[in-house]
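Enquirer: Let me give you the structure first, and then I'll get to my questions.
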């Protein structure tokens, strides 16, 4: 994939930014072309922190390098808003965009969904929720280094710790903030590895080599293979969980965004 110029000072320039405060969503357009396909993007932060501003650079670069609009959803965070509030809000935004594409400048029947960490987990959940009523709406799942349902794994034991906020105690805290009750840990909208994945859109699965959640991505890939879901797993060497934010200084982060953007373009653009 040819690398473009991200603009002056590394900040890409865009046309027609659109924000609707009646719906927690901001759409970034990489150019003035009408009716673009759209990536629904759900940010990370352990379900409790993060917003459209913390992930602005990631979303803008994905839009710039793919030529596809990116709609970031500013879902209500835990612990004030427990599971499945964020999923329900996301479904409302997708419904709104699907019904009002002409008003927002997107192709309402050509969408992908993705996110990093917590946002990737939620993206798989949303695709499962849409599968029955809108089986062909989503064309791609773009998934960056998430927990998908493993309660213990080799990577969780080898990597992560209190110094990077990814130790066992940290992960349990994020989960306890997000889930409403103990039984939610087995809900297929959280523990997506328990779900039947058949009929889901193609997956681009990005993982970090030194991430306690690495084995979640590997397991998701194996289950997708078993259920005959088209997928690609890329493990980026020498990086930690959350490395996507380091695209100004880390080549692997920059490469991951290029790879994801190329997949978006291949799947959504004619």
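Enquirer: Among the residues of region 256-270, which ones are exposed (fewer than 15 other Cβ atoms within 10 Å of the Cβ) and in a helix (DSSP H, G or I)?
Expert: The one that is exposed (fewer than 15 other Cβ atoms within 10 Å of the Cβ) and in a helix (DSSP H, G or I): 266.
Enquirer: May I ask you to say which residue of 119, 67, 72 is touching a helix residue (DSSP H, G or I) at 6+ places or on another chain (Cβ under 8 Å) and farther than 17 Å from residue 33 by Cα?
Expert: 72
Enquirer: Can you confirm whether region 78-86 contains a residue that is in contact (Cβ under 8 Å) with a residue 12 or more places away in the chain, part of a loop (DSSP other than H, G, I, E, B) and either on the phi > 0 side of the Ramachandran plot or under 15 Å from the mean Cα position of the chain (by Cα) (or both)?
Expert: no
Enquirer: Would you check which residues across region 38-63 are in contact with a helix residue (DSSP H, G or I) (Cβ under 9 Å, 6 or more places away or on another chain), farther than 18 Å from residue 85 by Cβ and surrounded by fewer than 17 Cβ atoms within 10 Å (Cβ to Cβ) and list them?
Expert: Scanning region 38-63 gives a single hit, 54.
Enquirer: Taking region 152-164 as the search range and keeping residues that are free of Cβ contacts under 8 Å to residues at least 24 places away in the same chain and in a loop (DSSP other than H, G, I, E, B), which one is surrounded by the fewest Cβ atoms within 10 Å (Cβ to Cβ)?
Expert: Top of the filtered list is 152.
Enquirer: Residues of region 87-103 being in contact (Cβ under 8 Å) with a residue 60 or more places away in the chain, surrounded by fewer than 22 Cβ atoms within 10 Å (Cβ to Cβ) and in contact with a helix residue (DSSP H, G or I) (Cβ under 9 Å, 6 or more places away or on another chain), which ones?
Expert: 87, 96
Enquirer: Moving to a separate point now. Determine which single condition residue 46 fails, assuming it passes every other condition in (1) modelled with pLDDT of 90 or more; (2) farther than 21 Å from residue 141 by Cβ; (3) outside any helix (DSSP H, G or I).
Expert: Of everything listed in (1) modelled with pLDDT of 90 or more; (2) farther than 21 Å from residue 141 by Cβ; (3) outside any helix (DSSP H, G or I), residue 46 misses just condition (2).
Enquirer: Going by the structure shown, is residue 195 more than 19 Å from residue 81 (Cβ to Cβ), touching a strand residue (DSSP E or B) at 6+ places or on another chain (Cβ under 6 Å), modelled with pLDDT of 95 or more and surrounded by 17 or more Cβ atoms within 10 Å (Cβ to Cβ)?
Expert: Judged against the criteria, residue 195 is not a match.
Enquirer: I would also like to ask the following. Which ones in region 198-219 are outside any strand (DSSP E or B), in contact with a helix residue (DSSP H, G or I) (Cβ under 6 Å, 6 or more places away or on another chain) and crowded, with 22+ Cβ neighbours inside 10 Å?
Expert: 200, 212, 214, listed by residue number.
Enquirer: Of all residues being outside any helix (DSSP H, G or I) and on the phi < 0 side of the Ramachandran plot in region 95-110, which is farthest from the chain's Cα centre (by Cα)? Just the residue, please.
Expert: 100
Enquirer: If the requirement is being in contact with a strand residue (DSSP E or B) (Cβ under 8 Å, 6 or more places away or on another chain) and under 30 Å from residue 211 (Cα atoms), which of these qualifies: 113, 106?
Expert: Unique residue meeting the criteria: 113.
Enquirer: Does residue 161 meet the test of being over 17 Å from residue 121 (Cβ atoms), at pLDDT below 95 and out of contact with any strand residue (DSSP E or B) (no Cβ under 9 Å at 6 or more places or on another chain)?
Expert: So residue 161 fits the description; yes.
Enquirer: Which one is farthest from residue 108 (Cα to Cα), of the residues in region 121-135 that are part of a loop (DSSP other than H, G, I, E, B) and touching a residue at least 24 places away in the same chain (Cβ under 8 Å)?
Expert: For region 121-135, the residue satisfying everything is 131.
Enquirer: In the list 24, 37, 12, which residue meets the criterion of being at pLDDT below 90 and under 17 Å from the mean Cα position of the chain (by Cα)?
Expert: 24
The values are calculated or read from the model by the stated rules, or taken from the named source; none is laboratory data. Computed from a prediction, not measured in an experiment: that's the story for all the values here. A quick note on method: Cβ atoms are made from the backbone with ideal geometry, for glycine too, and the neighbour counts reach across all protein chains shown.
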